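The values are calculated or read from the model by the stated rules, or taken from the named source; none is laboratory data. Since we're looking at a predicted model, the values are computed, not measured. As a convention, Cβ positions derive from the backbone with ideal geometry for all residues, glycine included, and neighbour counts pool all protein chains shown. These accessible areas exclude ligands, DNA and RNA; they are computed on the full protein's heavy atoms, side chains included. Shrake-Rupley method; radii C 1.70, N 1.55, O 1.52, S 1.80 Å.
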Amino acid sequence: MNTVIIRPGKYLCLELDVIPVLLRLLSEEEDEERKKRRKTLVIYCLRALTGLSEAPEGRVILSNELPLLERRSNEQDEDVRRAAQTAIKVVTWKP
């Protein structure tokens, strides 16, 4: 998550094809107990994806993944919901 804050870090993560790994972590089905244990991981994944979507290349990739982000934006947990909503805003932002 911290790597994508600076521009070179964003592009390095894009070169290393990190987005599919983060999306896979977000798309795993979870029961209630597992959701509680993985909450921090899910939030950090969403924040990393938000940072990657600030790069035009990342935004293009993530615009195809909006249904997954929208599903996460309907979570019961407020922190996860807010992180997903922020990611959606950044992905759908138009210059």
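Annotations for the structure displayed:
- Members of the range 1-23 that are open to solvent by less than 90 Å² (accessible area, probe 1.4 Å), under 24 Å from Arg71 (Cβ atoms) and not hydrophobic (A, V, I, L, M, F, W, C): Pro20
- Residue list for the range 69-95, restricted to those being under 18 Å from Leu14 (Cβ atoms) and touching a helix residue (DSSP H, G or I) at 6+ places or on another chain (Cβ under 7 Å): Leu69, Ala87, Val90, Val91
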